[in-house]
Each structure stands twice: as C-alpha cells, then as structure tokens.
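Okay, so here's the structure we're looking at.
The values are calculated or read from the model by the stated rules, or taken from the named source; none is laboratory data. Because the structure is predicted, anything quoted here is derived from the model rather than measured. Quick reminder, even Gly has a Cβ in these numbers, built from the backbone with ideal geometry, and neighbours come from all protein chains shown. Quick note on the areas: whole protein, heavy atoms, side chains included, nothing else; ligands and nucleic acids left out. Shrake-Rupley method; radii C 1.70, N 1.55, O 1.52, S 1.80 Å.
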Amino acid sequence: MKAGQAATVNDNATCHTANETIQLLHEIFPSRVLSPFGDQNWLPRLCDLRPLDFFLWGIFLVFVLFISTLDYFKGIGKAEPYYNNNNCSSTDSIIIFHASSERQHDENEMVVDILINETTSDTNVSHFKTSTDWNNWPNLKFPSTNLEKQYKMANLHLEKGIFVFDFLRKFLSFIQPYDIPIDLLIDAIENRLDTSTLISKSIHLEAGPLTVFGICFILCCIIPGIELWLACRPLKEDYKPSQHPGILTFFLVFFICILGLGMIIMIICNEAMSTSVEKFPVVIEAALQDLNDYHSSTTIQLRKYLLRSLDVASEAIFADLDNIEELLGKPVQTELSSETGLNDALNTLVDLLNVSQKVSSNVESLLSDGENIRNLGKELTIEINNLRQNLESALRACTGQDRSLCTIIDSSELRVTLRIDQLIKDTRLLRLHNTKQENLTKTIRQVRGEYLYIPQHIARNSLEARNQIRREVNKMRARIFDEARNMEASNSELVKQLEFARRLVDYMTPYIVVFEHIRWLIGIGTILCILLIWLLLLGALCCRCGTYETKIRFTLLCGVFMACIISIILWIVFIMTLILSSHIEMLICRPLHDPNYNTLQAILETRIFLGKRLSVSLKDLFEKCRMNEPAYPAFGLGNTMKLEQLAAYWTWSSFSRIILKIKVELRTLNIFPRYFERQLHDLLYACGLNLTEHRVMIQGKILNKDLEILSDQLDKVTQRMNDKLTARSLETIVAIMQDINSRRLKPLMKLHDKLLYKLAALELQIQPLQAHINYSLSHLKNIQYYIDNEGDKIAQLKTKAYTDRLANYLDQWRFHILSEMGNGIAKCRPLWDVLEGIKLLLCNHFLGNLSGYWFATFICAIIMIASTPTAHILSLVYKNLSNNVKDVNLVPTRSEDPPTEPDQQENWNTPEPPPPPPSSEEGWQ
C-alpha cells in the first residue's frame, strides 16, 4: 500500500490504546493516527460507541445492495486486520480502504457524501463532519479549574520538617503490638458498651504498657537504693579514697555533656510539640473547610465547567462573527487573487502607473530640451548670419594679390540647420506628456479600493445573518444553563456531618488547650529539674578547676541528693509520655497508615458520621485520589450525568438552519470599469509614436561649415595677405568665429547630443510600457470575466469553510467537556491531602516529637543512674582535703619570710603531703 492512502481511527478501548498498539500504528500510519494517543485527537463529533459500526458498515451495506457482483465489491475495498502482541484484534477500528481506480474513488466519495447527509438528519445516529481540514481551525483554550490552589491543607506544607524520631514508632508498635478490634471500636463509638465492659474487653491490649510500667518502677528505685547503700555502708579503718580522681572527673564531664544534649533535645521536642498542638485547630479547620469546599465545588463544578467552556466557544463564535472581514472576506479576497492573479494585476497597475509617470517625466524633460535647443538655435542663427555678412564684406574688400587668397574662403554654406519643430509639436508625444496630468492615479486607486473593499462588502451584506446567529447562540447558552442547573444537587447530609464535626472540634479545643498547658508545664518542669542537676555537677567541676576545691564535696553531695528525688520524677514523666505515645500510635496513627483503611472506613460508616455503607472502598478511593484522578471516575458519577445529550449541538436545528444564511455574492464586484478601459486605450495610443523617425530627422550637423576648420583656414589666409587693413579685419572675424564656436555652438551640440540620447532612451521605455498596457488590458478583462462567472463558487467554498469553523468551536467544546470529565474535572487530590495532613500533624509533628521527648527523658534518666554514684565517689576524694584545710587555717602566720636561697644539696621539689588523719567511721560527715 502506498503512503498516504489510509488513516486509522481508534477508540478508547484498552487494547487500542496499549503502548505496543499505538507504536505499531505510528509505524504503519505515520502522522495519520486519529486517537487520544495519536497525532490528532479523536474526532470531536464521534460518539463513544464504535464509529465504524455506524459509518463504514453502512457504506459496505450500500455497496452490497447496489453492486451486483461480489468481485466488483472486493475490487473496491477490503479490510485488513492488524494484531498486536496483546492478542487483541483491531479490525473493528482500523479500516484500510484501497481505491482501484479514479472512477471508483469518485463513486466511493459520492456514496460517503450521501450517507453523511442522511445521518446528519437523524439525531439517533452518530454525527460526522464533512470537512476534515483540522489544521486551519484554531484550538480553543478552555479554562481549567485548578482547585489545588483554593484548598488550605496543601498550603500548610505540613510535610516540611525534620522528623528525626519517627524510627521510634517501631518501638511503640512493640509495646502496643495489638490492633484495636473494629467491632469493639464501633461499639465504643456508638456508645453500646458501659465502662466496665469496655475495660474488660480492652485489658489485654494494655499488656505491653503494664510491663513497661513495671520495668520503669524498678528502674526509678535504682538511684535512691544505690545512694542509700553508699551513705549507710560502714567504712574500714584503712579505707582510702579513689587514687584516680581524674578518671572520675572525665566520666562526670561526659555524663554532664550527655545530660546537656538530652536537655536540648527535650527543649526542642517540647517546643515542637507545643507548635504542633497550636497547629491542631488550624489543621482541623483547614481539613473541614477543604472537605466542605470540595463537596460543594464537586456538586456545582460540572455546571460551571460546562458553561464556562461553552462561554469560551460562544465567545470564539462571536469573535469570528465580528471578525468576518478577516476570516471570510480576506480568504475570499486571497482565493480570488490566487485564482485570477488579481492582486498581481493591481500591483502591475501600480507599476504601470509608475512607469507611465516616469515616461511622462522623461517626455517632459525631452520637450524642455527641445525647446531650449530651438531657442539656442535661433540665437545661433542670428549670430551666424551676422558673422556671414561681415565675412562676405571683408572678402569683397580684398584687392590685388590678396583677391586670389580671399576666393579660397566660401561663406555661402555658413548656415544653421535645426529640425526640432516636428518633435516638439508631435501630438502623441504631447499626450504622453499630459499623462502625468491626467487622473490615472485616482482611477487605479479606485480599482484597487474595489478589490480591497471585498471584506467590508461581505461584512455589510452578512450583518443580519450574523445577528441571528448571535441570538441563537445566546438562546442555546440559556437553555444549557437551565438544563445544567437541574443537574446540580447538594448533599445536605454530608454538610450536616461536617457541621457536627466542626462543633465537636470547637467543643474539644479548650480541653486540648488546657492539656497542652499542663503538658508544657510538665515538660518545662522536667527540663528545669535536669538543669538543676546539670548545674550542680557543672559547678562542682568548676570548683575543682579553680581555687574553691573546698566547695567540691558539698556541691557534689547536693547534686547526689537532688538526683535521688529528680530521678523518680524523670521515670514518672517517661512512663506517662511513653504510654501516651503508644496509645496515640495504636488508636490514631496505625489506622491512618493502614493501606486498606479498614478501621477508618468502619468509623465513617458508624451512625455518628455517615450511618451507611460507602459505595466505594476507602482503599480504592484514596488510591485514586493519591493519583489525582477526577471525581467522575473516582466516585462513579457516570450513571447520573448525561453530558453527551447536552453537548450534541447538531440536534439544535435552529443553529444549523440559521448558519446557512451566511452568503457571499461577488457579482457586483467591478474590477475593470469602462472609464478605466478608455484611459488605458488612450495611453496605449500615445505609446504608438515613432521616435526613430524623429531621431533620424534630428540627427545631422547643426552648421554646414565647421567653424573651427573655417577659422583656421581664415587665419592662414590672413597671414599671407599683403593688405594689413584687410588682414586685421579678417583676424577680428576669426576671433568672433572662435567665440561663437566656444560660446554658442559647442553647448548647443552637447544639448543636441543629449536630446538624441534621451530619444533613444525614451524609445527603449516606450516599448515595455506598451507591452505592459496590453498585458494589463487583457488580464483585467479576463479577471472581470472570471469574477462574473466563477466568483460565486469561490464565495460558497470559503463560506462553507467559515461556517465549519464556527461549528468546530462547538465540536471542541463537546470533545473538551467529555474528555476533561474523565481526566481533569474535580480531581480528588484534596481528599488525599486532608488525610496526609492529619497523618503528618498527629503522627509526625506531635507523636514524633513526643517520642523524641520521652526518648531524651529516658537517656537522661539512664545517665543519672551512672552519674550519681560517680559524683558520690568523687566527693569522698575531697573529704580529707577539706579537713586539712581547716587545720592549716589554725596555724599563726610567721613574721618573716623563709629564706629564698636554697641549700646547695636541696632542690625546689614539692613538699610531701601531710600524713593522713586517723580513720574514723564517718559516712556523710
């Protein structure tokens, strides 16, 4: 099969839109695949039912009924099926039509036209366009309803943040391994269980938290127990404190750093929790508002989208009706110009006008030069005549021997000869000169204006029909508006449930605020307790590094004593926050992160919320919403909306009838009027002058005698003459002769040569001008004949293209709303954003930071278990030091300083420490 003989039309069947099928079709039918995934989108007027069943099958039936032989039918066309790798035959959507001859091809087109005309009258049959010139029609830009910009949840950007402690959720799942039973949850929500029954049925869920509570109770007793043992243990007589206080100090510094880091984490998590709780009313209000907005917008979006899209198509129709000069008048004008060459002919007339004016200017210059030559010739004739008379007188005065010399000079032929009068008085030349003065420019401007006025002429004659189309389009808009408003319905039950949820949130908000204040105070109090221990330990280290070593023991013992009390507080706070986190994980976060959303669906189906079963599972709904699919397929709304009947504009008989009233008539267009024809004929007559004859006549010598030769001859004669008086007279004549030659004759000869050159140049210009005039006359006559006989056919074709353009806007509108309904209208991504926002707020912002808080509390409690005994042991090192300092203070000060010069056998070694005091059985002394 040759390229370009066939095209393919595909519907939206899955096997027809598979990637391998589309790739195969693009290879077989390059640039001729009509499909939602092809080179051109599906024809707007095709219905969703198989178009080939309604269209080409009817053609085949006509062939079978009206063609007697089956062989003839087989010779006209055949269907070739193609298969892809999905084992899906596309015979019903791919028809390859072979025309065996031009005659049969014309017959096929005739039958197709018959079927098209018959199907358009039947509203139950799919409508097809007769024109397929898709590329010349503009694509409308319909408004898009991007609801994502209008919803609040997406603008809160709850996903932004660093959620460091999300890994602790696995530990919480270990503490609370069981999910709450759905039946138990439903009975609790619907208040079908009393408190005792609810506790008995849910006690097994608290096994993990109770175990953790017991472990924490044991851990909280470690520090008080150790310190009680250290304080009450008996000391031996030979007891010596630790000989490595530096190591103890290093460990204590390490513990202080860990405590400081834990405090910082607790402060950050505490403030982050406070921020998340402050966001709670905002997020819940945004979620409820988004749900309400999405519900209300979904119910009315179809009407708005339908009408706004129709408004775009209507405005495009109105704009084209107003712009009929450009869309219909200019195409008619252009087509007329391309068929007849009218624009070229008018441009040729402009060139003709320019050439004729140039020729007229040249003729004017030629006549002016001829007049100057004639005037100069008259003056030269007078001077030559006087010169001849003087020369003859001087020659007659020659006597004796000089007479023979004077007879050599012949002055009889010294005469001026100019034949310029016939050229100046030539009537055709004068008519060419007067062409510049005639109104040829105005005539050509009028003829060109008649051509350029075609768009305005069409706009004026079609004004009434265009006004009727406007009125009909407005009637259709009003009718569709009324019918679309009937489809709008509001779900009052869902609105009530949203209002109930908002009231419930308003009721719980004060309690949440009170809870947050208490939690914040507990968090700050816990941090201050840890800060007190941290400051005491840090102060003891600072005393060791300074000059206050006597204060170290007291500071360390104070820190140990406070740690015994604060450790119990830390373990209480830890167990409270841990149990709260585990229950939030079990009751809230786990159902929200369930991929099947069984718990959430059961809650929504309770009587307190919807009170009925959902028609679509939350798993499928949220999956489609996550993919940002429209509400039309997500909620299954196709059965309740019948958009195809509303968008079938070809059933509007008034529009189809009125649009045919737009007509264009070119019979009154007069491009070549009679007076213009007479002007061209007059110009053509003027161009028939014989310039060669004038040039031959003008050519020749102006003087029969050459003045230079005559003056030289006369000068030689004067040199030989004996009579000096006559010689001087002749010398004067020679001077006059030379003066006339240089002052009169030479300029006249130059002007004469210039005139001959202009005549030759004008002759070269006249011939093309004459041919130009003949061409314009014949061309304009042919153009006017074509307009009178074939102009209406051009007008009809362009009018049909214009009306098809108007109908194409409605085609695009229908195709747009049908395609966007399943692809772009009322996308349910906001529902997914609401779910994700609540997940992020409760499970990441709040639970994550709460987990970080109890984790930091746990670390601080563990560090205190190690740091408290270390501080106590380190305090024993400084016990004897403080006693020695007291004894030293009792010794009186010497009056003289010790000698500074050491003995030769002694050095500056540090003195040995004093012997230790006798041991005693003191404990906290």
Enumerate the amide H contacts of Leu703 below 5 Å, restricted to partners 5 or more residues apart or on another chain; note that Pro and chain-start residues carry no placed amide H.
Thr417
Measure up Lys619/Lys827; Lys705/Lys750; Lys279/Lys827; Lys442/Lys781; Lys330/Lys793 against 24 Å on the Cα-Cα distance and list the ones that go over.
Lys279/Lys827
Which order do Thr868, Thr334 take when ranked by solvent-accessible area (1.4 Å probe, heavy atoms of all protein chains), largest first?
Thr334, Thr868
Measure off 7 Å from each Cα along the Cα-to-Cβ vector at Lys201 and Glu159, then give the distance between these two points in nanometres to one decimal.
3.9 nm
Residue-wise, which Karplus ³J(HN,Hα) couplings in Hz belong to the range 501-510, taking 6.51 cos²θ - 1.76 cosθ + 1.60, θ = phi - 60°, and x for glycine or proline?
5, 5, 5, 5, 5, 4, 6, 7, 4, x
With all protein chains modelled, accessible area of Ile420 [1.4 Å, Å²]:
10 Å²
Under 5 Å, built H, 5+ apart or other chain: amide partners of Glu629:
Cys828
Dividing the convex hull volume of the alpha carbon atoms of the range 345-454 by its residue count, what do you get in Å³ per residue?
96 Å³
Residue by residue, what Karplus-based ³J(HN,Hα) values in Hz, rounded to whole numbers, does the range 615-626 have, using 6.51, -1.76 and 1.60 with θ = phi - 60° and x for Gly and Pro?
6, 10, 5, 5, 4, 5, 5, 5, 5, 5, 5, 5
Of Trp652, Trp534, which has the most accessible area and how do the rest follow, probe 1.4 Å?
Trp534, Trp652
Once neighbouring chains are kept in place and the probe is 1.4 Å, which whole percent of the accessible area of the range 159-275 is contributed by carbon and sulfur?
71 percent
Ordered by residue, what ³J(HN,Hα) values in Hz, to whole numbers, does the range 379-384 give under the Karplus form 6.51 cos²θ - 1.76 cosθ + 1.60, where θ = phi - 60° and Gly and Pro are x?
5, 5, 4, 4, 5, 5
Kirkwood Rh, the range 677-827, all Cα pairs: how many Å?
24.3 Å
Given a 1.4 Å probe and the protein chains all in place, what does the accessible area of Trp137 round to, in Å² to the nearest 10?
20 Å²
How much accessible area per residue does the range 644-693 have, counting only protein heavy atoms and a probe of 1.4 Å, in square angstrom?
54 Å²
Accessible-area order for Lys378, Lys705, largest to smallest, probe 1.4 angstrom, reads Lys378, Lys705
Which value, in Å² rounded to 10, gives the accessible area of Lys781 with a 1.4 Å probe and all protein chains present?
90 Å²
